[in-house]
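The values are calculated or read from the model by the stated rules, or taken from the named source; none is laboratory data. Not measured: the values here are computed from a predicted model. Cβ coordinates were reconstructed from backbone atoms using ideal geometry, including for glycine residues, and neighbour counts include every protein chain displayed.
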2 protein chains.
Amino acid sequence: MAIRLSTDRAVPETLAATRALVEPAIRSALDRLAPDIHRVALYHFGFADSDGRPGRGAGGKALRPALALLSAEAAGAEPEQAIPGAVAVELVHNYSLIHDDVMDRDRERRHRPTVWALFGVGPAIVAGDALANLAQETLLERATSGRVRAAAALAGAAARMIAGQAQDLAFESRVDVSIPECLEMEANKTGALLSCASSIGAILAGGDDRVVSSLAEFGLRLGLAFQAIDDILGIWGHPEVTGKPVGSDLRQHKQPLPVVAALCSGTRAGTRLASMLSNGSLSDQAVAEATSLVEEAGGRVRALAEADADIEAAREALDRARIPSDTRARFLELADFITTRNS
Amino acid sequence: MAIRLSTDRAVPETLAATRALVEPAIRSALDRLAPDIHRVALYHFGFADSDGRPGRGAGGKALRPALALLSAEAAGAEPEQAIPGAVAVELVHNYSLIHDDVMDRDRERRHRPTVWALFGVGPAIVAGDALANLAQETLLERATSGRVRAAAALAGAAARMIAGQAQDLAFESRVDVSIPECLEMEANKTGALLSCASSIGAILAGGDDRVVSSLAEFGLRLGLAFQAIDDILGIWGHPEVTGKPVGSDLRQHKQPLPVVAALCSGTRAGTRLASMLSNGSLSDQAVAEATSLVEEAGGRVRALAEADADIEAAREALDRARIPSDTRARFLELADFITTRNS
């Protein structure tokens with residue numbers, strides 16, 4: 001990969017500073033929820049354990065909020081101006097995780113039981129619905145033009161995210177998904193919300209259209225790279241690091257990019273993979289074999305090349321935005337971090 | 001009951017006129033959905049059958065859209081001005097039906113298989129998410145002050161609706177729900193969205209605060225009456241008319257008002273009912289017996305009295321709104337229709 005490894009401590013510091021700024025706002029948004037839902041939401045975000053005892057807030061990496069804060073800086077504003085956008089994007093992201101876990105029957109996330117596994121399917125659907133709605137409420141509680149534009153942008157991004165999830169589900173019963181179809185699904189499912197995260201601060205700060213649209217393009221490309229790496233980790237990542245069971249994508253007949261690339265490779269490994277995947281459920285041994293076949297058919301290399309190309313396109317979009325050079329540098333550090341992570 | 005029976009054809013005409021005005025707007029909103037979701041949504045609204053062949057659009061009674069259009073008239077505007085609000089409220093109502101059916105495992109609605117029963121749980125969750133989001137998109141696609149206020153009001157109503165659904169779920173594992181708790185749940189679950197429907201047209205038309213808040217109160221009270229009647233139909237209604245299986249509320253250990261009133265009645269029938277309901281799943285015979293006990297303990301009479309009182313309070317709220325007398329008359333006709341229906 002051409003992507004350089006981040007050698008300094010800048011990204012962990014950016015993420016820690018983001019959490020310090022955004023977490024209190026997330027907590028106070030969650031405080032608006034009814035008690036039955038509040039309990040579930042606090043657990044999901046890691047603010048509480050399953051019995052409601054305070055937790056340390058292991059709720060994800062805060063990448064999206066960090067992008068949101070940076071995008072306000074990109075438009076020449078203080079990061080604080082992006083906080084309602086950072087909160088709203090993080091709420092949408094987390095509602096999608098809660099609902100996706102129900103649909104995928106995933107029992108574990110971030111090394112803990114998922115919401116539906118712990119509280120049941122009904123409370124998980126309700127909690128997701130509540131977070132989705134809370135995202136809009138957070139933005140619309142004050143009707144400044146920035147907030148209204150941000151709410152519309154978020155609704156548009158969520159529409160694409162939901163469409164991507166529908167495509168992802170539909171792909172499970174197919175073995176003929178093309179690479180463009182797969183990339184479109186991933187642009188929708190992951191790219192749209194990262195695109196919104198990367199521009200919502202600029203929208204709230206009243207940034208001009210060029211900055212907003214360039215940052216949105218940066219975020220979309222970053223999202224595609226993010227997803228390509230996520231797909232690789234979903235197949236070859238270590239469960240103890242990723243917090244997800246080994247081979248779950250293959251077991252669930254998902255069609256992430258490496259699998260689709262392998263199936264479309266025209267190689268013998270690709271053909272063997274296709275016949276394995278059309279044979280219903282896979283044993284542990286079959287999952288291991290399928291994993292090797294994806295690799296042999298060039299699926300991993302193809303996904304890495306996609307991530308490389310996307311990061312390059314993201315960098316070009318950032319150049320078009322013409323933003324302060326230190327903000328640009330921190331956007332690129334986050335991009336590097338995302339594409340060199342192992343969880 | 002003190003509620004008079006509607007003797008003329010006014011309500012069916014109002015509803016038909018509403019559908020003629022609102023249905024094309026709902027269809028064109030749905031056309032924005034991705035194909036996989038569009039198909040599911042068209043089925044749910046009755047615009048298509050399970051194979052995608054055009055249907056007649058058996059999607060409910062259009063009560064909420066009718067209230068929305070009337071509320072624009074109440075503020076002195078043309079009903080057309082309420083259309084985006086009518087569409088948005090109907091989208092939220094229908095997303096809640098799709099998700100509720102998943103949670104309640106209800107296999108039939110409006111005499112047809114429910115979305116999850118036909119397409120699966122995943123597509124049902126996604127379709128609900130998509131409709132919820134589409135409601136906000138519909139309002140926010142133009143940022144007039146009326147639309148922004150309407151979007152905020154809708155998000156607030158949806159928050160209460162979701163909280164009510166969480167309470168409804170939590171009640172299933174309890175036999176000690178009090179009447180005030182039950183009424184609060186029903187005000188949230190049903191009242192909040194009817195309140196929004198009854199005022200959103202006035203909001204879009206720029207109506208003054210007195211009109212908006214009086215109509216909102218009217219809708220809340222109407223919602224409580226609506227739910228009380230719904231609860232009665234859920235226990236004593238004929239399945240071939242209601243389109244719902246007989247005794248499903250009791251079977252699912254729901255705590256609708258007649259059941260809660262019976263359990264709180266202090267009667268011997270109430271005590272016997274409590275011991276039956278704490279005994280796990282009910283046979284057909286036990287459902288029939290429990291139904292008689294609810295009646296014997298005064299549950300039906302209590303729910304009817306609640307509906308009467310709510311309609312009276314709704315009427316008083318409408319008087320406070322001081323709106324044109326023909327609009328007032330049509331609001332009251334809808335209220336009568338709602339409380340004298342049998343499905």
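Looking at B:121, B:92, which one is farther than 20 Å from residue B:216 by Cα and facing chain A (nearest Cβ under 10 Å)?
B:121 is the lone residue from the list that is farther than 20 Å from residue B:216 by Cα and facing chain A (nearest Cβ under 10 Å).
Evaluate the following for residue B:213: is it surrounded by fewer than 20 Cβ atoms within 10 Å (Cβ to Cβ), in contact (Cβ under 8 Å) with a residue 24 or more places away in the chain and on the phi < 0 side of the Ramachandran plot?
Answer is no for this residue.
For residue B:50, work out the one condition from (1) out of contact with any helix residue (DSSP H, G or I) (no Cβ under 7 Å at 6 or more places or on another chain); (2) in a loop (DSSP other than H, G, I, E, B); (3) among the hydroxyl-bearing types (Ser, Thr, Tyr) it doesn't fulfil.
(1)
If only one of B:148, B:121 is of a type in the set (Val, Ile, Thr) and within 23 Å of residue A:37 (Cα to Cα), which one is it? Break it down stepwise before answering.
Working: B:148 fails: within 23 Å of residue A:37 (Cα to Cα).
Testing whether each residue is of a type in the set (Val, Ile, Thr) and within 23 Å of residue A:37 (Cα to Cα) leaves just B:121.
Return the residues of the stretch A:37-52 that are in contact with a Leu (Cβ under 6 Å, 6 or more places away or on another chain) and hydroxyl-bearing (Ser, Thr, Tyr); say none if nothing qualifies.
If the condition is that a residue be in contact with a Leu (Cβ under 6 Å, 6 or more places away or on another chain) and hydroxyl-bearing (Ser, Thr, Tyr), then A:50 is the only one that fits.
For the stretch B:263-278, which positions are within 20 Å of residue B:305 (Cα to Cα), buried (at least 16 other Cβ atoms within 10 Å of the Cβ) and not hydroxyl-bearing (Ser, Thr, Tyr)?
If the condition is that a residue be within 20 Å of residue B:305 (Cα to Cα), buried (at least 16 other Cβ atoms within 10 Å of the Cβ) and not hydroxyl-bearing (Ser, Thr, Tyr), then B:263, B:264, B:269, B:270 are the ones that fit.
Taking the stretch B:53-70 as the region of interest, how many residues are touching a residue at least 60 places away in the same chain (Cβ under 8 Å) and either of a type in the set (Ser, Thr, Tyr) or assigned to a strand (DSSP E or B) (or both)?
0
Does the stretch A:145-176 hold any residues that are under 25 Å from residue A:276 (Cα atoms) and surrounded by 19 or more Cβ atoms within 10 Å (Cβ to Cβ), and which are they?
A:165, A:166, A:167, A:168, A:169, A:170, A:171
Please go through the stretch B:83-112 and pick out each residue that is modelled with pLDDT of 95 or more and farther than 24 Å from residue B:15 by Cβ.
The answer is B:99, B:102, B:103.
Scan the stretch A:71-128 for residues that are more than 21 Å from the chain's Cα centre (by Cα) and in a loop (DSSP other than H, G, I, E, B) and jot them down.
A:75, A:76, A:77, A:78, A:120
Does the stretch A:270-303 hold any residues that are aliphatic (A, V, I, L, M), in contact with a helix residue (DSSP H, G or I) (Cβ under 7 Å, 6 or more places away or on another chain) and closer than 21 Å to residue A:225 by Cα, and which are they?
Matches in the stretch A:270-303: A:294, A:297, A:303.
Filter the stretch A:22-40 down to the residues that are touching a Phe, Trp or Tyr at 6+ places or on another chain (Cβ under 8 Å) and buried (at least 18 other Cβ atoms within 10 Å of the Cβ) and list them by number.
Selection gives A:26, A:30, A:40.
Residues that are within 14 Å of chain A (Cβ to nearest Cβ), within 29 Å of residue A:152 (Cβ to Cβ) and of a type in the set (S, T, N, Q): does the stretch B:55-72 have at least one?
First pass over the stretch B:55-72, keeping only residues within 14 Å of chain A (Cβ to nearest Cβ): none.
For the stretch B:55-72, residues within 14 Å of chain A (Cβ to nearest Cβ), within 29 Å of residue A:152 (Cβ to Cβ) and of a type in the set (S, T, N, Q): absent.
Any residue in the stretch A:31-46 that is more than 11 Å from chain B (Cβ to nearest Cβ) sitting within a Cβ distance under 7 Å of a residue that is of a type in the set (Ser, Thr, Tyr)? List the pairs, counting only those 6 or more apart or interchain.
A:43/A:50
Taking the condition of being among the aliphatic types (A, V, I, L, M) and either in contact (Cβ under 8 Å) with a residue 60 or more places away in the chain or outside any helix (DSSP H, G or I) (or both), how many residues in the stretch A:263-284 meet it?
Number satisfying all stated conditions: 4.
Here's the yes/no breakdown for (1) outside any loop (DSSP other than H, G, I, E, B); (2) among the charged types (D, E, K, R); (3) modelled with pLDDT of 95 or more:
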site	(1), (2), (3)
A:287	yes, no, no
A:309	yes, no, yes
A:326	yes, yes, no
A:331	yes, no, yes
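Of the residues A:260, A:294, A:287, only one is touching a residue at least 40 places away in the same chain (Cβ under 8 Å), crowded, with 24+ Cβ neighbours inside 10 Å, farther than 30 Å from residue A:79 by Cα and over 21 Å from the mean Cα position of the chain (by Cα); which?
The unique qualifying residue is A:294.
Which of the residues spanning the stretch A:165-205 are within 14 Å of chain B (Cβ to nearest Cβ) and outside any helix (DSSP H, G or I)?
Across the stretch A:165-205, the qualifying residues are A:172, A:173, A:174, A:177.
Step by step: first the residues of the stretch A:145-159, then only those that are closer than 20 Å to residue B:154 by Cβ and more than 8 Å from chain B (Cβ to nearest Cβ), then the one that is farthest from the chain's Cα centre (by Cα). Which residue is that? Walk me through how you get there before you give the answer.
To start, the set of residues in the stretch A:145-159 that are closer than 20 Å to residue B:154 by Cβ comprises A:145, A:147-159.
Filter once more, so that each one left must be more than 8 Å from chain B (Cβ to nearest Cβ): A:147, A:150, A:153-154, A:157.
On the way: A:147: 23, A:150: 19, A:153: 17, A:154: 14, A:157: 12 Å.
Within the stretch A:145-159, the match that is farthest from the chain's Cα centre (by Cα) is A:147.
Take the residues in the stretch A:32-69 that are modelled with pLDDT under 95 and among the charged types (D, E, K, R); name whichever of them is nearest to the chain's Cα centre (by Cα).
Looking at the filtered set, the residue picked out is A:61.
For the stretch B:124-139, name all the residues that are within 13 Å of residue A:155 (Cα to Cα), surrounded by 24 or more Cβ atoms within 10 Å (Cβ to Cβ) and at the interface with chain A (Cβ under 8 Å from one of its Cβ atoms). It would help to see each step written out before you state the result.
Residues of the stretch B:124-139 within 13 Å of residue A:155 (Cα to Cα): B:129-139.
Still in the list and also surrounded by 24 or more Cβ atoms within 10 Å (Cβ to Cβ): B:129-136, B:138-139.
Those that are within 13 Å of residue A:155 (Cα to Cα), surrounded by 24 or more Cβ atoms within 10 Å (Cβ to Cβ) and at the interface with chain A (Cβ under 8 Å from one of its Cβ atoms): B:129, B:130, B:132, B:133, B:134, B:136.
Quick check, is residue B:142 surrounded by fewer than 24 Cβ atoms within 10 Å (Cβ to Cβ) and within 12 Å of another protein chain (Cβ to nearest Cβ)?
Here the answer is yes, as residue B:142 does meet what is asked.
Tally up the residues in the stretch B:103-118 that are facing chain A (nearest Cβ under 9 Å) and either within 14 Å of residue B:45 (Cβ to Cβ) or surrounded by 24 or more Cβ atoms within 10 Å (Cβ to Cβ) (or both), please.
0
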